[in-house]
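Quick notes on the structure that follows.
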């Protein structure tokens, strides 16, 4: 059961510098879905860098699963952290 301001976050293990591609499917339907963000965080940093987002507030008519691909390029060791509020995520 989800409640108001309910959030979920996944975090990858530490990744080496380089270029990566994060692919996933999401389903976000309705006015109360919230947002889906993808962040990176450099090793040892507390700062989350937003690299991709989706907000269903701008498109409430999509009822199908949507495939997203996020290109990631970092020069230091880092983690990837997708975070969601009222969104269902399937990572591929």
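The values are calculated or read from the model by the stated rules, or taken from the named source; none is laboratory data. A quick note: this is a predicted structure, and the numbers were derived from the prediction, not measured. Cβ atoms come from the backbone with ideal geometry, glycine included; neighbour counts cover every protein chain shown.
Can you confirm whether residue 37 is at pLDDT below 85 and touching a strand residue (DSSP E or B) at 6+ places or on another chain (Cβ under 9 Å)?
Numbers: at pLDDT below 85: no; touching a strand residue (DSSP E or B) at 6+ places or on another chain (Cβ under 9 Å): yes.
Criteria not met by residue 37.
Looking at segment 42-64 only, could you name the residues that are within 17 Å of residue 23 (Cβ to Cβ), surrounded by 12 or more Cβ atoms within 10 Å (Cβ to Cβ) and modelled with pLDDT under 85?
Selection gives 54 alone.
Would you mention how many residues in segment 71-88 are surrounded by fewer than 16 Cβ atoms within 10 Å (Cβ to Cβ) and modelled with pLDDT under 95?
First, the residues of segment 71-88 that are surrounded by fewer than 16 Cβ atoms within 10 Å (Cβ to Cβ): 71, 73, 75-77, 88.
This time we only want the ones that are modelled with pLDDT under 95, so: 88.
Residues that pass the stated criteria total 1.
So, residue 12, is that one modelled with pLDDT of 75 or more and part of a loop (DSSP other than H, G, I, E, B) or not? Don't jump to the end; show me each part of the working.
Values: modelled with pLDDT of 75 or more: yes; part of a loop (DSSP other than H, G, I, E, B): yes.
Yes; evaluated as a whole, the condition is true for this residue.
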